[in-house]
Amino acid sequence: MSKKIKKGPLQVLFWIALIVIWQLVSLVYGPEILPGPIYTAKGGYELLMDGTLLQYIGISAYRVLLGWTLGSLVAVPIGIIIGKVGFIRTFAEPFLNFIRFIPPIAFITLFLVWFGIGETSKVMLIMYATFFIVILNTFTGVLSVEEDKIRSARSMGASEWQIVVHVIIPATVPYIFTGIRLAMGTSFMAIIGAEMIASNEGVGYLIWNSRLFFRTDWIFVGLICLGLMGFLTDRAVGLLGRRLLARYGVVSTTSLKR
């Protein structure tokens, strides 16, 4: 308890010092180059009052959550199959290790050609950003399952399907959950790139379009919104995992510190 009491004020002091430094540096360079917290807050209030900010946040959040959810749902079973079936893994693993080094932003142009400029291309891009991270973590988790556990299950008469359901999947859950959380950050990066290039709405469009009006305060508002969206989403996913998957060994960073 005493550690918590000491930690809270230090965090508050850190953020206060950061805001003060931000304001002082902005006075040196001017609000047109580096808007300070007050100038940024005014820009945010302006966007909030005309409804633009909340609308763009909602649109970006919807795209990220939809693509991230679909990508995770597709990747998990495929990752389990790759990890379980050695023949498939022989061909799939080199391909996955090759394509995972190609960032999602590199596919934006192709996805626009393949799926059009509507919502489909953006959701598919986020699915791509999610898919390979989750699939790699999933089949890594399958490979990390101790062989003794699988042999013990077989010796008790368990079928291959029962081994997958009752041995492999429970042991792989922490790896899957880690992949899902990592993929969330990549999904935000992917949607911002897509919204900058081919969208008329969203936080990425707000950041990109603000350059036309030289509104650096709006750019900072967009950046802050992205940080808050990612932070809150990650905390929500972490809390959900800790509550629902604790019996599988999923813990949060706060739990580890305790």
Percent RCO, i.e. relative contact order, over the range 36-257, from Cα pairs under 8 Å lying at least 6 residues apart: 26 percent
Ranked VAL28, VAL145, VAL221, criterion: other C-beta atoms within 10 Å, fewest first: VAL28, VAL145, VAL221
Value of relative contact order over the range 1-156, rounded to a whole percent, pairs C-alpha under 8 Å and six or more apart: 25 percent
Highest to lowest packing among 68-74, 16-22, 119-125, scored as the average C-beta count within 10 Å: 119-125, 68-74, 16-22
The chain: Cα Rg divided by the 2.2 N^0.38 Å rule of thumb: 1.23
Average projection area in nm² (convex hull over Cα atoms of the range 91-160, one quarter of hull surface): 6.6 nm²
Between the range 116-151 and the range 172-243, the Cα center-to-center distance that results, in Å: 19 Å
For the range 108-258, convex hull of alpha carbons as volume per residue, Å³: 136 Å³
Chain lengthening between LEU223 and ILE105 when straightened (0.36 nm per residue, less Cα-Cα): 40.7 nm
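Values in this text are rule-based calculations from the coordinates and carry no lab data. It should be emphasised that the depicted structure is a prediction, and the values quoted were computed from it without experimental measurement. Backbone-built Cβ (ideal geometry, glycine too); neighbour counts: all protein chains shown.
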